[in-house]
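Every number here is computed from the coordinates shown, using simple stated rules; none is lab data. This is a predicted model, so every value here is computed, not measured. Glycine gets a Cβ as well: all are built from the backbone with ideal geometry, and neighbour counts include every protein chain shown.
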Amino acid sequence: MKKTFLAVSFLALSLGGCAGTSSTALLTSEPAEQSDVQWSLVDSVDLEAINSDLEIGKPTVDIGLYYPSNLHPDAVEKLPLSGLVEEFLNAKKVFEPTGVQFKLLWIKTGQVDPQHLAITASNWETDLPSGGYGNMYVQSAIHPTEMSDGAVAAFETIIEPAPENSRTIYLVAMQNVYMPYYEDLDGGRNWAPKVVNTSGLSFPSYTYADTIPDRIRGVITLTKHDATNKLTIAHELGHKLMNVSHEYRDVSPQHEIRSDDGLMLYGSGTQIPSGQEGRWHQERLLLSPYIYRADAAGERVWNADFQAGGVYYDPIYGDYAVQFD
């Protein structure tokens, strides 16, 4: 979804691991050799036309789209495949000024176990309200959110094992993805648990660090098409690739702030600024581990991977990070 911050906990941007199951256990478990879903390619969408503008040598992100065939009819109405394709094409345009291009690898459909079509992003036990000591990025690095067992099971079922799983973005259409968080009621003493039904959720590493198994770390869920601005996919890709929350220029990370300026705020904005005044968004984007450059022979050279789990202040970003209270 677009992530939430403000006086909410990082839980608002996270998915918590089930009580009693450590993130280490999740990360070291043997991945399945194949997805439990019998996926088939959707041939009604012209991938060749969508990818016809790709250029050799440019920063590129590989993206796959899973669209379950057994979504509830009402969910299909909210999230039509045609709408997602439209949003993907718009996302390509939004990111074009940065020099980054998106390659749509495939669109696949298949019947998914219904229990995996609606998930809770995190467990309350793994998240804390904002303690007020250090900015939200600092606090989230200390107490990263963990993906719930239900979410892990769903994505390990849906996402097919592949050599470049950890470098690929997976857009996954679902029915409901609920994100719990804490709301500050009176300046930090009392907090109320809340749950929001997201339209899109990017599971960014600034919130989850390295708690998500590598094979599924590129997941982005989608549950509602943005028929007005057609920006949900672009916005969620911004979270994943720039590794920032809802912020823009002099606007520090906040809870669902609305503005028509900036891709990373809620609204019609599409700007991805550069420089310190732009909070280094464009510079951080170009350093994303999901980016590669391919030569004429198809050989790919990937950006460096995260060195500290992908927290906001990960060393790969160098000075391209804002220090704030």
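So the values come out like this:
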item	result
Entries in LYS58/LYS108; LYS78/LYS194; LYS58/LYS103; LYS194/LYS224; LYS108/LYS240; LYS93/LYS230 that, when Cα-Cα distance is taken, lie over 18 Å	LYS58/LYS108; LYS78/LYS194; LYS194/LYS224; LYS108/LYS240
Region 73-152 shape via C-alpha gyration tensor axes, a/c threshold 1.5	oblate
Extension gain from ARG189 to VAL42, taking 0.36 nm per residue of separation minus the Cα-Cα distance	47.7 nm
Relative contact order, percent, the chain [alpha-carbon distance under 8 Å, six or more residues apart]	25
Full-stretch length increase - PHE324, ALA296 - with 0.36 nm per residue and alpha-carbon distance subtracted	5.8 nm
Proxy reagent accessibility, fewest Cβ within 10 Å first, across ASP46, ASP62	ASP46, ASP62
Gyration tensor (alpha-carbon) shape descriptor, region 10-317, a/c threshold 1.5	rounded
Taking ARG189, ARG215, ARG279, ARG284 and counting other C-beta atoms within 10 Å, the order from fewest to most	ARG189, ARG215, ARG284, ARG279
Two-site FRET efficiency, ASP261 against LYS58, from Cβ-Cβ distance with R₀ of 30 Å, rounded to 0.05	0.65
Per-residue Cβ neighbour rank within 10 angstrom, fewest leading, ILE257, ILE216, ILE233, ILE56	ILE56, ILE257, ILE216, ILE233
Qualifying chymotrypsin sites (Phe, Trp or Tyr not before Pro) for region 119-217 [loop in DSSP, other Cβ within 10 Å: at most 10]	TYR133
Helix-derived mean residue ellipticity, 222 nm - over the chain, DSSP H n ≥ 4, -39500 (n - 2.57), to 500	-5500 deg cm²/dmol
